[in-house]
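Before any comments, here is the structure.
The values are calculated or read from the model by the stated rules, or taken from the named source; none is laboratory data. Bear in mind the structure is a predicted one, so any value in this text is a computation, not a measurement. All Cβ positions, glycine included, derive from the backbone under ideal geometry; neighbour counts span all protein chains shown. Note: accessible area is taken over every heavy atom of the protein model, side chains too, but ligands, DNA and RNA are not part of it. Shrake-Rupley method; radii C 1.70, N 1.55, O 1.52, S 1.80 Å.
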Amino acid sequence: MSTQDSNLEVYVLRIGHRPVRDHRVTTHVGLVARAFGARGLFLEERVEKSVIETLVRVCETWGGEFKVEIVSDPLRFIREWKRAGKVVHLTMYGLNIAEGNTIDLLRQSKDKLLVVVGGEKVPWEVYDLADFNLAIGNQPHSEVAALAVFLDRLFDGKELIRDFPGAKIKIIPSPKGKRVVKLKNSCRNSL
Ligand code: SAM
């Protein structure tokens, strides 16, 4: 299975980044988005260049096609996305993913999905614009955890065994120790 095998086209928008303080969390949002099957990440202009550089470096080394892009106006971006896609906002205030059929509806979606994860405070308009306000349980935790659980449920765990074409290195799963092989490849990513 390759990273693009699922028919679901999923992208992540990270909003509410606080420079310096959120450097690590936003990097981890990107790493989780890529590793758990999203096709790209949209970031606000104030995100540090080093966050983007880390993500691009990981893509070059570990493969897969993952796009990282800056959006100048996230709210306008969400409004425009809705012309051709659906928006899922992950929030503890939303409908619980473990109840109801939202995740089944999303799995069957023919539209591309934009998954919005926030920071400290999410503007009210995001709740309003979202087609789905979805909670990964109704307790506060983290955007990194919320994104991982959401993508894992959406792809039903299959994203964990995908190939990442163009990788330079690959892990050989081992019961003990570390086995890594070098491959003669490169991957395409955009910024
Ligand atoms: N008040 C926030 C909320 O609406 O979920 C919690 C802020 S939390 C520090 C930052 C982000 O983590 C939120 O914007 C949301 O995307 C995500 N998050 C935290 N807990 C969540 C939960 N239980 N379900 C879904 N997303 C969650």
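Averaged per residue, what accessible area in Å² does the chain show with a 1.4 Å probe, protein chains only? List each step's numbers first, then the result.
Values: 10610 Å² over 191 residues.
Per-residue value: 56 Å².
Which aspartates and glutamates, on any chain, are close to K158 with Cα under 19 Å apart, when same-chain ones fewer than 8 places away are left out?
Hits, sequence-local ones excluded: D5, E9, E65, D104.
What nm value, rounded to one decimal, do you get for the distance between L105 and E9 when each label is placed 7 Å out toward the C-beta?
My value for the distance between the label points is 2.1 nm.
Given the convex hull over the Cα atoms of the chain, what projected area results after averaging over all orientations, in nm²?
That works out to 11.3 nm², a quarter of the Cα hull's surface.
Filter the trypsin sites (Lys or Arg not before Pro) in the range 87-191 down to the DSSP loop ones having no more than 12 other Cβ atoms within 10 Å, then list what survives. It would help to have the intermediate numbers written out before the result.
On the way: sites: R107, K110, K112, K121, R153, K158, R162, K168, K170, K176, K178, R179, K182, K184, R188; in loops: K110, K121, R162, K168, K176, K178, R179, K184, R188.
In loop regions of the range 87-191 (DSSP not H, G, I, E or B), the sparsely surrounded trypsin sites (Lys or Arg not before Pro) are K110, K121, K176, K178, R179, K184.
Given the rule -39500 (n - 2.57) for each run of at least 4 DSSP H residues, summed and divided by the residues of the chain, what is its mean residue ellipticity at 222 nm, to the nearest 500 deg cm²/dmol? Let's see the in-between values first.
Details: 6 runs with 59 residues, N = 191.
Taking each H run of at least 4 residues, the total per residue is -9000 deg cm²/dmol.
Where does the longest stretch of the chain lie that holds no GluC sites (Glu not before Pro) found in a DSSP loop with 11 or fewer other Cβ atoms within 10 Å? Please list the in-between numbers first.
Details: sites that count: E45, E99, E120.
Longest site-free region, per DSSP loop and neighbour criteria: 121-191.
Sticking with the crude label model, points 7 Å out along Cα→Cβ, report the distance from L95 to E45 in nm, one decimal please.
The answer from the label model is 3.6 nm.
May I ask you to give the percent of accessible area on the chain that is carbon plus sulfur, with a probe radius of 1.4 Å? List each step's numbers first, then the result.
Working: 5480 of 10610 Å².
On the chain, the fraction of accessible area on carbon and sulfur atoms equals 52 percent.
If you wrap a convex hull around the C-alpha atoms of the range 81-164 and split its volume per residue, what is the figure in Å³?
Details: hull volume 9.2 nm³, N = 84.
So the per-residue Cα hull volume is 109 Å³.
So for the range 1-115, if I pair up every lysine 8 or more residues apart or on another chain, how many of those pairs have alpha-carbons under 18 Å apart? Walk me through the numbers before you get to the answer.
Working: K49/K67; K67/K112; K82/K110; K82/K112; K86/K110; K86/K112.
Taking the range 1-115 as the scope, the lysine pair count is 6.
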